[in-house]
Amino acid sequence: MLLVEDSRDDAELIEISLREAGLALECRQAWSMAMVQEALRDFAPQLVLSDLNLPGFSAAEALALVRGHDPDVPFVLLSGLPADALPDAASAGDAVLSKDALDDLPDLVRGLLAPR
């Protein structure tokens, strides 16, 4: 899993939420565009979770990089904003989840990673 998140605390909460739910995913964190590019080149993530608000680049730019690398990798946008306050670009990913609803993340991830 590639976690595009600039907050170390939020990244840790996300990883703990998944681990406690029994999801043992190798996780790499990226907080810059260069790190996302490097991770996509050197690591084949099964899933990408991205914060909406990132310093220096946007989640839409991260999504474009991921889609350009592998259009089939599920992309989940995480936000502290309520769903009705999200920009239209947020709907371009596979799912949007509020950071206040991290309890729902394991089921969402299981669904996205299930064989199709």
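Readers should treat all values here as calculations from the given coordinates under stated rules, not as data from a laboratory. Source: prediction; values computed, not measured. Neighbour counts run over all protein chains shown; Cβ positions are idealised from the backbone, glycine included.
Numbers for the structure displayed
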read-out	value
Residue with peak Gaussian network fluctuation, the chain [Cα springs, cutoff 10 Å], from Arg28, Arg67, Arg41	Arg41
Potential extension, Phe43-Ser7 segment - 0.36 nm per residue separation minus Cα distance	10.9 nm
Whether the chain is rounded, prolate or oblate, judged on the alpha carbon gyration tensor where a/c under 1.5 counts as rounded	rounded
Arg28 versus Leu113: modelled label distance in nm, points set 7 Å from Cα along the beta carbon direction	1.7 nm
